[in-house]
């Protein structure tokens, strides 16, 4: 069990009845690994394979308990995690790869506008920097309202946490709807990656306010998400601000806040030039062995 373990506003831990201070099952080994890595001398990185627990509706791709392979590498760029993932796969299964091959990739915003057949309503050159984040959200919602045929008419009257919550929710819906069609057309039975996600989906990855993206990528097999990678934040003030902001979003959803791990914040500055990746073991095994549902696979 653990007391802290989440930053993302839509990720819910499994709570257990316990007299202990730590009353939620582990969502991932992320915090423990990040606290341990800076204490190790002359190592390339650190990894763990362990059970994770999350409050999710069971489905063919989701289970409340699953295994995750998670690793963090020193002096490693997040985009290079795609190459590392490819080498890892080649070591266990060469079916999908040729010598010298690499993962096809596309940036999130490029994918978003290609699929939605839209563009930024007012262009993107006049609103750079963190101070214009609300305007970015307004632009995002304008596009989403059009492509998802939304009836919401009071978006501009909402406060920032409400706007961010709504955009994240609708972006997730858009992703669920369109990733399957896009993958079927372009990457059927093939690994590929989506990179530089919108900044509002940054989790604990580094932000880039020059184009409202974050240094995050996700690896897919067709339309199945296999894993994600981050360039880790090493500014404790930025990370704490993200934590507080996400907890405001959770409050708007009537959910308990994620407890801030202050021990982790104090060690964040030691994570310079570190990138990490998390891979769903069952999902990867489903792809490699042709298993149709996660509940049919047991480790």
| task | Just need a number here: residues in the range 257-276 that are surrounded by 12 or more Cβ atoms within 10 Å (Cβ to Cβ), farther than 30 Å from residue 83 by Cβ and touching a helix residue (DSSP H, G or I) at 6+ places or on another chain (Cβ under 7 Å). | result | 5
| task | Those residues that are modelled with pLDDT of 85 or more, more than 12 Å from residue 249 (Cβ to Cβ) and either touching a strand residue (DSSP E or B) at 6+ places or on another chain (Cβ under 9 Å) or surrounded by fewer than 16 Cβ atoms within 10 Å (Cβ to Cβ) (or both), I need them from the range 7-23; list them, please. | result | 13, 14
| Residues located in the range 49-92, provided they are under 16 Å from residue 276 (Cβ atoms) and touching a helix residue (DSSP H, G or I) at 6+ places or on another chain (Cβ under 6 Å) | 69, 72
| query | Given the conditions (1) under 30 Å from residue 244 (Cα atoms); (2) modelled with pLDDT of 85 or more, and given that residue 131 satisfies all but one, which numbered condition is not satisfied? | reply | (2)
| query | Among (1) touching a strand residue (DSSP E or B) at 6+ places or on another chain (Cβ under 7 Å); (2) without any contact (Cβ under 8 Å) to a residue 40 or more places away in the chain, which single condition is residue 139 missing? | reply | (1)
| said: From the list 249, 279, exactly one residue is part of a helix (DSSP H, G or I) and in contact with a helix residue (DSSP H, G or I) (Cβ under 8 Å, 6 or more places away or on another chain). Which is it? | reply: 249
| query | So which residues in the range 55-69 are buried (at least 19 other Cβ atoms within 10 Å of the Cβ) and within 15 Å of residue 8 (Cβ to Cβ)? | reply | 68
| query | Can we say residue 150 is in contact with a strand residue (DSSP E or B) (Cβ under 6 Å, 6 or more places away or on another chain), at negative phi, modelled with pLDDT of 85 or more and not in a helix (DSSP H, G or I)? | reply | no
| task | Hey, can you tell me all the residues within the range 166-203 that are within 13 Å of the chain's Cα centre (by Cα), farther than 17 Å from residue 79 by Cβ and part of a loop (DSSP other than H, G, I, E, B)? | result | none
| said: Could you check the range 182-237 and list, in sequence order, the residues that are without any contact (Cβ under 8 Å) to a residue 40 or more places away in the chain and surrounded by 22 or more Cβ atoms within 10 Å (Cβ to Cβ)? | reply: 214, 233
| query | Does the range 93-111 include one or more residues that are closer than 16 Å to residue 275 by Cβ, modelled with pLDDT under 90 and surrounded by 15 or more Cβ atoms within 10 Å (Cβ to Cβ)? | reply | yes
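The values are calculated or read from the model by the stated rules, or taken from the named source; none is laboratory data. This one's a predicted model, so the numbers in the text were calculated from it and none came from an experiment. Don't worry about glycine lacking a Cβ; one is built from the backbone with ideal geometry, like all the others, and counts go over all protein chains shown.
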